[in-house]
Amino acid sequence: MRDAVTALHGATFIGRVTVADGGLRGMVTLRGDLAAPAMAAAAQVIGLTIPAQRRVVMADDRAAIWMSPDEVLILVPHAQAEATAAALTQALTGIHHLAVNVSDARAVLRLTGSEAALRETLAKLAPVDMDLFGMGEVRRTRLGQVACAFWMVDSSTVELICFRSVARYVFDLLAVTASDGGAVGHFG
Amino acid sequence: MLILTCPYCGVAGEETEFHAGGEAHLKRFGPGSSDDDFDAYMFARKNPKGVHFERWRHVFGCGKWFHAARDTATLQVFGTYPAQVSGPPQDILDRIAAATSAHAAK
Ligand SMILES: [Zn+2]
């Protein structure tokens, strides 16, 4: 893979929250029986654990995102995606599974700002009760018209993924929603 | 608006996060079946005013198919359950029975 570029080319919007291109990220989809001991062992090989239902496991420069009862999305530095997929495949030899580098499939966006503004921005766009959304939780849902998933990295940072082909739509949608003058103030 | 709980993610999501997949628990009649059976399987669908068992997909979420039991007139949702069954589980049937008898008593 040469000259990989993000769909958003480093775009940034500064409003009530800052919406930014999250940069290139290695993404490996891991599918199989998440409860199997072999799966836990494989996750350990790449320095992670298998997240519980709707949870995110974060460790240094990597994360494991619960996607469905048989799917976890592994996030690693972009250059390590191939090696991570290979390590998982090797660790799961003989076990029914799938570990594939899907780094080109999705775009990452990074939202930063006050927790109230972050919650409000997402609440305006997704049919999710943002009063109840907690740290360490991932929500796959709808943002406007397209699928996305988001989680809070800390109280002032949200990471959001969407399919690469709709990255610009998601960026523009978030930018309009987080524009100055659009505050509702529900979250304080 | 319907609020459905996906049995796979445990998410209580609103209707637009899901996609309706029509009547549940259809028995497939394929090659070798009679024309009448195939015709009924292919084209005939219930359209009740009342309790209905349906297939839904958590299309913007985990992507899984599941079942829902709801009332098409009141939009009351009696419950959702996994896709890997050919009929509604007893707890859902009990809830429907309780709801219909409570309704009849009024
Ligand atoms: Zn789901």
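Please treat every number below as a calculation from the coordinates, not as lab data. Given the structure is predicted, the values throughout are model-derived calculations rather than measurements. We place every Cβ from the backbone using ideal geometry, glycine too, and count neighbours over all the protein chains shown.
Residues of the range B:32-57 that are of a type in the set (Asp, Glu) and more than 19 Å from residue B:75 (Cα to Cα): B:35, B:36, B:37, B:39. Just one of the numbered conditions (1) surrounded by 13 or more Cβ atoms within 10 Å (Cβ to Cβ); (2) of a type outside the set (A, V, I, L, M, F, W, C); (3) farther than 19 Å from residue A:167 by Cα is not true of residue A:60: (1). Per the listing A:53, A:44, the residue uniquely out of contact with any Pro (no Cβ under 7 Å at 6 or more places or on another chain), under 16 Å from residue B:62 (Cβ atoms) and without any contact (Cβ under 8 Å) to a residue 24 or more places away in the chain is A:53.
Selection of the range A:48-83 for residues being in a helix (DSSP H, G or I) and of a type in the set (A, V, I, L, M, F, W, C) yields A:79, A:81, A:83.
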